[in-house]
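**Student:** Below is the structure I would like to discuss, written out as structure tokens.
The values are calculated or read from the model by the stated rules, or taken from the named source; none is laboratory data. It should be emphasised that the depicted structure is a prediction, and the values quoted were computed from it without experimental measurement. Note: accessible area is taken over every heavy atom of the protein model, side chains too, but ligands, DNA and RNA are not part of it. Shrake-Rupley method; radii C 1.70, N 1.55, O 1.52, S 1.80 Å.
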Amino acid sequence: MKILDNIDLDIPLDIGRDFLEKVMGSEINAPLERLLKEKTSMCVENIAPKAIYDRFEIDKVDGDRVYFKSGNIFNGPHISKILTGSKTAIPYIFTLGGQVDRIINEESRSGDTLATIVMDAITTSLLDTLGDFVGDRIKREGIEQQNWGATCAYSPGQYKWTIEEQKKIFKMLDGQKIGVELNDSYLMLPFKSLSGVYGFGPEDRIDKTRVACDLCPRENCIGRR
Ligand code: SF4
């Protein structure tokens, strides 16, 4: 099991802008520009990026089920599709930490809805940036042989892999080691956290789905990649 602590993220100067423009449905005006600038430094100062992941050997894929040699089992038509042809899988959990959740909640309680929307856009984009960092690290380690490749990442809660399957990932990885827990609704706390899995195996055998969005029917989703 690997733990990445105190991750030093390379944060783009315009973090949050793209997502905010999608949320607002237009280019942002001068007052929003100022708010974005002010809240970006506030959010960046309050993140504590961490990640945990581990390597598991796949025993077999049978129908909608993925069986691991460790005894763990994933269940869902899309996760079994994504891991068909893979020899190993690396589940992961990463988080921006609890402090950023707290400042967003404080902003929301203060009644400043616009500032809350801006901070949510910034931290959603920061979570994407962290996801790219962790993904690059996992892929470098997961491609164990020259002719191997990596699948796209897939997460519980994405299309046709139910959110209840979060508990399977939290059985394989101790999320508490990076301060992440699951509540009774299978949501992660801190809220700005994500989990998922990558598959690895011979390039000519692994699944070729480019990104999870390609399997998702939500055409007008603002997060679509
Ligand atoms: S389209 Fe949206 S809901 Fe669907 S997988 Fe992509 S980001 Fe998630």
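**Student:** Starting from the Kirkwood Rh over alpha-carbon pairs, what translational D in µm² s⁻¹ does the range 1-65 have by Stokes-Einstein at 20 °C and 1.002 mPa s? Mind dumping the intermediate values first?
**Tutor:** On the way: Rh = 15.5 Å.
Rounded to a whole number, D works out at 138 µm²/s.
**Student:** Oh, and also: Remind me, what semi-axes does the range 68-151 give for its equivalent ellipsoid, largest first in whole Å, using sqrt of 5 times each Cα gyration tensor eigenvalue? Don't jump to the answer; show the numbers that get you there.
**Tutor:** Numbers: eigenvalues 263, 46, 25 Å².
Three semi-axes, in Å: 36, 15, 11.
**Student:** Any idea what diffusion coefficient the chain gets from Stokes-Einstein, in µm²/s, Kirkwood Rh on alpha carbon pairs, 10 °C, 1.306 mPa s? Kindly include the intermediate steps, with their values, before the conclusion.
**Tutor:** On the way: Rh = 18.5 Å.
The calculation lands on 86 µm²/s.
**Student:** By how many degrees, between 0 and 90 and to the nearest 10, does the Cα long axis of helix 113-142 differ from the longest principal axis of the chain?
**Tutor:** Value to nearest ten degrees: 30.
**Student:** Kirkwood hydrodynamic radius, computed over distinct alpha-carbon pairs, for the range 93-225: how many Å, to one decimal?
**Tutor:** Hydrodynamic radius (Kirkwood, Cα only) of the range 93-225 equals 16.5 Å.
**Student:** Determine the share of the range 2-215's accessible area contributed by carbon and sulfur atoms, expressed in whole percent, with a 1.4 angstrom probe. Don't skip to the end; give the middle numbers.
**Tutor:** On the way: 5080 of 10740 Å².
The nonpolar share, carbon plus sulfur, comes to 47 percent.
**Student:** Which whole-number percentage describes the relative contact order of the chain, with Cα contacts under 8 Å and a sequence gap of 6 or more? Can you show the working numbers first?
**Tutor:** Details: 406 pairs, mean separation 60.5, N = 225.
Averaging sequence separation for qualifying contacts and normalising by length gives 27 percent for the chain.
**Student:** How large is the direction-averaged shadow of the alpha-carbon convex hull of the range 127-175, in nm²?
**Tutor:** Working: hull surface 17.9 nm².
Mean projected area of the Cα convex hull: 4.5 nm².
**Student:** Extension gain TYR67-ARG102, at 0.36 nm per residue separation less the Cα-Cα distance, in nm? Kindly include the intermediate steps, with their values, before the conclusion.
**Tutor:** Numbers: separation 35, 0.36 × 35 = 12.60 nm, distance 3.84 nm.
Value of the extension gain: 8.8 nm.
**Student:** Also: Kindly express, to the nearest 10 degrees and within the range 0 to 90, the angle between helix 30-45's C-alpha long axis and the longest C-alpha principal axis of the chain.
**Tutor:** Result, in degrees: 50.
**Student:** I would also like to ask the following. I'd like the accessible area for THR162, computed on protein heavy atoms only with a 1.4 Å probe and all protein chains in place. Round to 10 Å², please.
**Tutor:** 80
**Student:** In what order, largest first, do LYS167, LYS177 sit by accessible area if the probe radius is 1.4 Å? Walk me through the intermediate numbers first.
**Tutor:** Values: LYS167 95, LYS177 120 Å².
Most to least solvent-accessible, the answer reads LYS177, LYS167.
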